[in-house]
């Protein structure tokens, strides 16, 4: 075990360097060119449409908790954001997290997923390194080797012992780690200097283990203990908290994911409850629109069933659906590549809005807020859409993240006025 840990410690400086370099290059809280004000002046944003439609006031339970948090509660409130590649990259949710935590307090980084160990892109702002050999299963696979968990993946090691080095920027330390894992995964333990000597098993479940630390740190080495009864090294993610009151904004996105992918992974849906969310945001639909056999009836059924599954796993927790922004689609015509608006995106938007209405769910119409028809070309001309006409630049995602935080805060302000009309 000593040699194993020395190998990992040898990677520590590299992991920390990767984290700090990524943060310096693409900070999720860096200002987008012109910001929302500049985007509005250039016709990129439809401000009147940047609102959350919630006629049944389903978000009041969340807003009540946030108001109490600001007034007197020393606890935490969690938001979980599920999605596809627009969410996996972390720039949209990173901006939303930063702006909401400025208002409600920063309780920590929240969910982090070992995506790089699964050989895919990972958000900036954290690093997860390991000397072990790992294989990754994803929720988008037809027959994953291991059932994916809360992070949309399952990271499986060849053998025990295993270890992880978790690093964050120096200004974003943590003092508590929650590990999401297979029921028979080995227990992970901190080094002696960070081991508080006591644990709180009341916060643990078969697939979640809470590890309090003796003090805050921005670098943590976790190693597995030997136990023949728990020798299935399969992990789904970690959650980092700093011990302060405030908001946790978790995000879980997987490239290529659709509503059907999430619906066919009930274990992921079940594990959403282990984050105790006060709100679940669902941002899917882009990949559904790109499919060649689009069916509005099938998509409606998938969204409806996914919403029902999330509600069953999280009773009383509101759900916020979001519509996707307009995207482009490449076509080959007479040997030449041409681009046009993806015809399915408007249909997907209509279905999402219909499900939200029928299920009495809150909805944020990003399609309308970003300008509706023609938005893809306008945003691309402004340098906010990448060459594939589907994904955005860092600045584009950060602008969308600002729009989401603005929409949430506008709805929160309306709640406060309803609660105290004379205030």
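Kindly provide the set of residues from the range 317-366 that are in contact (Cβ under 8 Å) with a residue 12 or more places away in the chain and farther than 25 Å from residue 401 by Cβ, ordered by number.
330, 339, 340, 343, 347, 354, 358, 359, 360
Does residue 156 fit the bill of being out of contact with any helix residue (DSSP H, G or I) (no Cβ under 6 Å at 6 or more places or on another chain), assigned by TED's automatic domain parsing to the domain that holds residue 188, surrounded by fewer than 24 Cβ atoms within 10 Å (Cβ to Cβ) and part of a loop (DSSP other than H, G, I, E, B)?
It is false that residue 156 is out of contact with any helix residue (DSSP H, G or I) (no Cβ under 6 Å at 6 or more places or on another chain), assigned by TED's automatic domain parsing to the domain that holds residue 188, surrounded by fewer than 24 Cβ atoms within 10 Å (Cβ to Cβ) and part of a loop (DSSP other than H, G, I, E, B).
State whether one or more residues within the range 204-225 are out of contact with any strand residue (DSSP E or B) (no Cβ under 8 Å at 6 or more places or on another chain) and assigned to a strand (DSSP E or B).
Within the range 204-225 (the criterion being out of contact with any strand residue (DSSP E or B) (no Cβ under 8 Å at 6 or more places or on another chain) and assigned to a strand (DSSP E or B)), the answer is yes, since at least one residue qualifies.
Which of the following residues is surrounded by fewer than 22 Cβ atoms within 10 Å (Cβ to Cβ), in a helix (DSSP H, G or I), touching a strand residue (DSSP E or B) at 6+ places or on another chain (Cβ under 8 Å) and without any contact (Cβ under 8 Å) to a residue 60 or more places away in the chain: 311, 298?
Residue meeting the stated conditions: 311.
Only residues that are under 15 Å from the mean Cα position of the chain (by Cα) and over 23 Å from residue 304 (Cβ atoms): list them for the range 245-271, please.
Within the range 245-271, 247, 248, 249, 250, 251, 255 meet the criteria.
Output the residue which, of all residues in the range 192-220 that are over 25 Å from the mean Cα position of the chain (by Cα) and under 26 Å from residue 149 (Cα atoms), is surrounded by the fewest Cβ atoms within 10 Å (Cβ to Cβ).
Ranking the candidates gives 202 first.
Going by what's in this entry, would residue 127 be described as touching a residue at least 40 places away in the same chain (Cβ under 8 Å), buried (at least 24 other Cβ atoms within 10 Å of the Cβ) and either touching a helix residue (DSSP H, G or I) at 6+ places or on another chain (Cβ under 8 Å) or on the phi > 0 side of the Ramachandran plot (or both)?
Yes; evaluated as a whole, the condition is true for this residue.
The values are calculated or read from the model by the stated rules, or taken from the named source; none is laboratory data. Predicted model only: the values in this text are computed from it and were never measured. A quick note on method: Cβ atoms are made from the backbone with ideal geometry, for glycine too, and the neighbour counts reach across all protein chains shown.
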